[in-house]
Structures are given as C-alpha cells and as structure tokens.
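The values are calculated or read from the model by the stated rules, or taken from the named source; none is laboratory data. Fair warning: this is a prediction, and the values are worked out from it, not measured in the lab. Cβ: placed from backbone, ideal geometry, glycine included. Neighbour counts: every protein chain shown. Only protein heavy atoms, including side chains, enter the accessible area calculation; ligands, DNA and RNA are left aside. Shrake-Rupley method; radii C 1.70, N 1.55, O 1.52, S 1.80 Å.
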Amino acid sequence: MAPSGSRSMKRGCQRVLYWIPVLFIALIVAWSYYAYVLQLCIVVYLLLYHVIFIMFVWAYWQTIFTQPMNPLEEFHLSYSDKELLEREDRGESQQEILRRIAKDLPIYTRTNSGAIRFCERCQLLKPDRCHHCSVCDKCILKMDHHCPWVNNCVGFSNYKFFMLFLAYSLLYCLFITATDLQYFIKFWMNGLPDTQAKFHILFLFFSASMFSVSLASLFIYHCWLVCKNRSTLEAVRAPVFRHGTDKNGFSLGISKNLRQVFGDEMKYWPVPMFSSLGDGCSFPTCLVNLDPEQPSSPTGSNPANKAAAEGRQFPSKPLRESQSRLLTSTPSWTESASNPGMTIENEA
C-alpha cells in the first residue's frame, strides 16, 4: 500500500507543479491589465484594448480547458483480441493480429519499421496522427505537443484555440507596445510626472516587447505548419506510410489545409469556438501509392465520380461529411503543382 500511496502523492504534486506556468501567465496578464487600464489609462485606446483582451483571454481559456480528444472505441482492442495478443510471444505473430484488426479501420500510417502503430499503454491501435502523451498518460488525436504554458495537450480538439491564443496574445502585446511607446520615450526624457505609473510604463513596455518577439516567432512557425498541414511532431518526424516516409502526406493545398483547422465558414475563423473539420480519427491524405492492405470501395455510378476516380482509389471506410467536402470542392491543389508526380487519394 505504501508504494501506491507514494505514487499517488507524487502524481498529485506533479499536477500542482504543472499549473505553475499557467499561474505565471495569468499573473502577468492580470498585472498588464492593471498597469494599462488603471495606471496608463489611455481612454482613447481602452475600447479596442478590451476587445483584444477579451478575445485573448477567451482563446487562452479554451486552450486550457478543452479536453483533448481520445481515439474512438473502435480503435481499442476487444477483450478477445487482448487475450489473443497476450498469448502470442513472437512480434510477427502479434503484428499479424494487429494487421487483421487494422484492415477494418481507417489507418494508413505505420512505424518506421513498417509495423502497425499500437499503444501498449492504452491498448489501442493508434489512428493516423495520434500519439501517446506521457504527461497526460493517454493517446491524443492529432497531437501537436504538450504545452506547459496551458497545462494541456494541444491536439485536434483545441488546435484552433491554440492558434487563436497565439494570434490574440501577439496582437495584445503589439498593441500595448505601440500605444505605450510614446510614454516610454517620455520616461527616458524625464517628461513624465514622478509617480508610481512611471515604473509600470517602463516594465509594461519591456515585457510586452519581449513577449512580442517570442510570440511572433512561435505564431509564424505554427502558421507555416497549418499551411503545410503538419503537426509539430510531424515536422520533427515525418509520418510513415506503406510507401515510406512522406512529410507532405496529409497536405491538401493551403486553402484546404486552413479549412481543415479553422472550418468552412471564414466568419467563425477568428472566434474561439470549435469549427475544425472531421472527427480527429481519419484524415484525407495525399499519397503516392495506395496502401495495399486497405481494400478500395466502389466509387458509384455517378460519371463525375468516375472521372474524378481515375488514378485514385477510395478506402473501404468513407470519410466523414466535413472531410469529404475538402476533396470534392473545386479550389486548386497548390501543393500538387509543385509535386507533378504525386496523385491525390482520398483516405479516411
């Protein structure tokens, strides 16, 4: 009992420590509000300041408290499959069992060795772009990274919120820097009255400008990732398909990549409300070769469908409606133009 109690206490202490970065950011934001609104108090700017502040806090809240999505029940092993897997000692025999199960699932990525991606901790077959987070101790759909500044995994369910958090926090810092600049110059020229506000103006300018630099680099990097339809993990290690590694395997062109994260309707893009397309378990992919283990389904009698299907094959499990729209709409495939030898395939 003692070791178990010790582990639970350690786990509890870790959970408390994980909130320290979030508390630090919250205190910085609270102080910046006090310094700008009550000390600097530039009435002309206050309306716009509060709009940016509210959107920033809203996006940050959504990023922190939106629970990461986990794989659906169909990806978990059944009791009989678990027993069968445990009875097999050889890795190849276990892979045969996993391949049999994966044939009925929209799984197209593999490990570097070409094996089925299986999480022993969660006892499930990992959907494409899903990874196990050691901090959360669970598999996260389309995991990007675990962010200590939000004490949460950034993945399919909150990646849009994370992008908006970066955008609004950068806008917040730039706005403070720009409107505080004239008073910062007066500070150095001794043009301000000798009050407590002088020091708030000084530190407000320094902190806002420093955060602006770091946030700008992070925001630009994630904008690049969205345009390429990659997660941070995929940028570090490209996904592996049956035909091999393909860093652009999930990219559908800039327009469709943006829509996959932010949704079809642009009026909802700046709002911290969930509008991403799909279910996080299946994604349309841009592949050179079809996975031979996944049987193709008929494309139907529609002539338009048949024409579109030339050189393409469709998986047995269809895409969700929102993901299918990405493949049936007419915008150009910007990335396929730079890869003339690449054919487009619809995959779940």
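Taking amide H as placed 1.01 Å from N in the peptide plane, SER157 has its amide H under 5 Å from the amide H of MET69, each at least 5 places away in sequence or on another chain.
With the convex hull of the Cα atoms taken as the outline of the stretch 73-126, the averaged projected area works out to 3.7 nm². Taking all protein chains as they are arranged and a probe of 1.4 Å, the heavy atoms of GLU86 leave approximately 140 Å² accessible to solvent.
A Förster distance of 56 Å, applied to the separation of the beta-carbon atoms of ALA30 and TYR79, puts the FRET efficiency at 0.65.
Extension gain for LYS186-PHE65 works out to 39.4 nm (0.36 nm per residue, less the C-alpha to C-alpha distance). Distances between placed amide hydrogens fall under 5 Å for CYS286 paired with PHE250, SER251, all partners being 5 or more residues away or on another chain. Computed from the Cβ-Cβ distance with R0 of 41 Å, the FRET efficiency linking ARG99 to ILE20 stands at 0.40. Measuring only protein heavy atoms, the 1.4 Å probe finds SER157 accessible over about 10 Å².
Per-residue extension of 0.36 nm, minus the Cα-Cα distance of ILE54 and SER214, leaves a gain of 55.5 nm for this segment. Taking HIS200, HIS146 and ordering them by how much accessible surface each has at a 1.4 Å probe, largest first, produces HIS146, HIS200.
For PHE161, neighbours were defined as the other residues whose beta-carbon sits under 15 Å from its Cβ, and their charges (Lys and Arg +1, Asp and Glu -1) total +1. With the biggest extent put first, the Cα atoms of the stretch 121-236 measure 66, 27, 20 Å across the principal axes. Solvent-accessible area of LYS186, all protein chains in place: 90 Å² (probe radius 1.4 Å, heavy atoms, ligands and nucleic acids excluded). Estimated at 0.36 nm per residue, the fully extended path between ALA115 and TRP224 surpasses their Cα-Cα distance by 36.3 nm.
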